[in-house]
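> One structure, as structure tokens, below. Some questions next.
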Amino acid sequence: MNETDIGAQLTVLAVDDEKPALDELAFLLRAQETVAHVHTASDATTALRILRDGGIDGVFLDINMPGLDGLELAGILSNFATPPPVVFVTAHDDRAVAAFDLGAVDYLLKPLREERLAQAVRRIVGLAGRNQAGAKVDAAPSDEVIPVELGGVTTLVQRSAVEWVEADGDYARLHTAGKSHLVRIPISTLESRWAEAGFLRVHRSYLVSLALVTGIRTVGSGLVVTLRPHSGKPPVELPVSRRHTRELKDRLVRTPKQSWLSR
């Protein structure tokens with residue numbers, strides 16, 4: 001498939017912490033015939049949220065940003081199952097080697113020249129043309145990374161490190177080895193997003209990693225599920241609501257290499 005076959009099919013993401021620069025970049029991208037949609041983000045955390053939803057064909061990324069900078073964000077994207085092509089857009093000409101080491105398809109210097117931007121877009125069109133007609137780049141990582149902000153510092157938490165999740169209003173608290181991280185994501189969103197990764201809702205307030213479940217038992221008139229943390233710390237017991245009991249037992253039976261008890 002060539003460029004004319006694709007037409008205005010690209011959906012791209014522009015990332016820059018400076019609003020005037022971001023507005024200009026988005027304006028110039030929308031002027032490209034092969035760009036149909038432009039998403040914008042002013043920081044890496046927002047960019048990752050957009051990228052997790054998939055459907056992004058290319059990322060136009062500034063380098064110097066607070067928190068995670070552009071190079072660090074590109075490093076995260078390189079771990080995606082199918083990384084979206086990255087074009088760096090920066091005022092600094094001394095980071096090109098590092099950028100191309102991360103697999104960047106182009107490196108544009110500010111102030112932007114329209115012909116250079118058009119050339120970078122054509123490179124992304126060429127990459128998109130190698131996929132099935134009309135298909136979008138799947139940006140779902142094999143092990144999702146969750147950015148957590150605390151005191152202006154962004155920490156990256158891998159989904160595989162999460163042992164269980166606790167609802168906290170409109171937020172969720174991710175419990176890892178000896179730590180907990182509060183993220184502004186409803187537990188219901190994580191429930192649907194992480195189902196295929198082996199997480200199951202056992203209570204309105206709890207989501208657990210089935211790989212860590214060692215048993216379920218009756219306590220009083222209810223059930224609790226026992227998890228053995230990655231850290232080797234004492235087991236954790238969480239309540240199981242009646243409405244989730246059958247699915248939990250069914251999943252444990254279907255899940256290989258599980259040792260669990262039912263009383």
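> Kindly provide the set of residues from region 178-194 that are open to solvent by 40 Å² or more (accessible area, probe 1.4 Å) and not in a loop (DSSP other than H, G, I, E, B), ordered by number. Reasoning before the result, please.
So in region 178-194, the residues open to solvent by 40 Å² or more (accessible area, probe 1.4 Å) come out as 178-180, 182, 184, 186, 188-189, 191-193.
Correct list: K179, S180, L182, S188, T189, E191, S192, R193.
> Residue by residue through region 152-176, note down the ones that are touching a helix residue (DSSP H, G or I) at 6+ places or on another chain (Cβ under 9 Å) and farther than 25 Å from L73 by Cβ.
Once the filter is applied, which keeps residues that are touching a helix residue (DSSP H, G or I) at 6+ places or on another chain (Cβ under 9 Å) and farther than 25 Å from L73 by Cβ, region 152-176 yields E163, W164, E166, A167, D168.
> Could you please let me know if F80 is open to solvent by less than 60 Å² (accessible area, probe 1.4 Å), modelled with pLDDT under 90 and in contact with a helix residue (DSSP H, G or I) (Cβ under 9 Å, 6 or more places away or on another chain)?
Numbers: open to solvent by less than 60 Å² (accessible area, probe 1.4 Å): yes; modelled with pLDDT under 90: yes; in contact with a helix residue (DSSP H, G or I) (Cβ under 9 Å, 6 or more places away or on another chain): yes.
It is true that F80 is open to solvent by less than 60 Å² (accessible area, probe 1.4 Å), modelled with pLDDT under 90 and in contact with a helix residue (DSSP H, G or I) (Cβ under 9 Å, 6 or more places away or on another chain).
So that you can scan it fast, the table gives a plain yes or no per residue for (1) open to solvent by less than 10 Å² (accessible area, probe 1.4 Å); (2) among the hydroxyl-bearing types (S, T, Y):
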| site | (1), (2) |
| --- | --- |
| T34 | no, yes |
| S42 | no, yes |
| A47 | yes, no |
| N64 | no, no |
| G70 | yes, no |
| L102 | no, no |
| V105 | no, no |
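> So, one more: Using beta carbons and a limit of 6 Å, which pairs, at least six apart or on different chains, have the first residue in region 201-212 and closer than 16 Å to Y171 by Cα and the second one part of a loop (DSSP other than H, G, I, E, B)?
H203/S241
> Right, something else. In region 49-62, what residues are crowded, with 23+ Cβ neighbours inside 10 Å and aliphatic (A, V, I, L, M)? Give the steps one after another, and end with the answer.
Within region 49-62, the first condition is being crowded, with 23+ Cβ neighbours inside 10 Å, and the residues that meet it are 51, 56-62.
L51, I56, V59, L61 - these are the residues of region 49-62 that are crowded, with 23+ Cβ neighbours inside 10 Å and aliphatic (A, V, I, L, M).
> Show the residue pairs meeting these rules: Cβ distance below 6 Å; 6+ apart or different chains; first residue within region 67-85 and within 19 Å of G126 (Cβ to Cβ); second residue among the acidic types (D, E) and open to solvent by 20 Å² or more (accessible area, probe 1.4 Å).
T82/D138
The values are calculated or read from the model by the stated rules, or taken from the named source; none is laboratory data. The shown structure was predicted, so the numbers you read here are calculated from the model rather than taken from an experiment. Methodologically, a virtual Cβ is constructed for each residue, glycine included, from the backbone with ideal geometry; neighbour enumeration extends over all protein chains shown. Accessible surface is based on the protein model in full, side chains and every heavy atom, while ligands, DNA and RNA are left aside. Shrake-Rupley method; radii C 1.70, N 1.55, O 1.52, S 1.80 Å.
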